[in-house]
1. Could you tell me whether the stretch 40-127 comes out rounded, prolate or oblate from its Cα gyration tensor? Rule is a ≥ b ≥ c as square roots of the eigenvalues, rounded for a/c under 1.5, then prolate if a/b exceeds b/c, otherwise oblate.
2. Going by average Cβ density within 10 Å per residue, which order do the peptides 57-64, 100-107, 85-92, 36-43 take, highest to lowest?
Amino acid sequence: EARGLTAREALLDGLAQRSLAPIDGRRGPAGPAQLVARELARDPADESTLEEWAVYAHVSPKTLQRHFVKEFGVPFTRWRTRLRLHAADVLLPTLSVTRTARRVGYSSTSAFVAAYAREFGVTPGRRNAVPGRSRWTDQPA
C-alpha cells in the first residue's frame, strides 16, 4: 500500500510539473470538461464512460463532448488516452511497463506499448531503459 501511495504522489507531482497542453486545456471559467478533467487527473485509470461523466457534470454526453473539443481541442476519448500516456511517462522511471500500464488503466500491456509508441514515437521500454532491471517485471534482468 505504501508503494501505491508513493507512486500516486509521484504521478500527481510529475503531472503538475509538466506543461501538458493536450491535457491542461484553455484557461477561463471551468466548464464541464474542466471538471471531468480534474477528476480524471486524480485517477487516470478511472474507467467511467463519457455518459457517466456527463451525469456527474449535469450535462448531456453530446454537450460534454463538445466542451472537450472546445476546451482541449480533442474529443474525450483522445484526451483521456493522452492523460493516461502522460501519467505513464511520469511513472515509468519507478515502475515496470506492465505495472505502469495497469496503474494508468490499460488491461493489456501490448495495447499500452502500442499507444505509448504512437504518442511518443518510442516504446516505453526504450524511453526509460534502466541497466540491470527488467522494465517488464520489476525483477533484475
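Nothing in this text is a laboratory measurement; each read-out follows from the coordinates by a stated rule. The structure presented is a predicted model; accordingly, all values stated were derived computationally and were not measured. FYI the Cβ positions are ideal-geometry reconstructions off the backbone, even for glycines, and counts take in every protein chain you see.
1. Numbers: a/c = 2.72, a/b = 1.98, b/c = 1.37.
Prolate is the answer for the stretch 40-127, as a/c is 1.5 or above and a/b outweighs b/c.
2. The densest-packed peptide leads the list: 85-92, 100-107, 36-43, 57-64.
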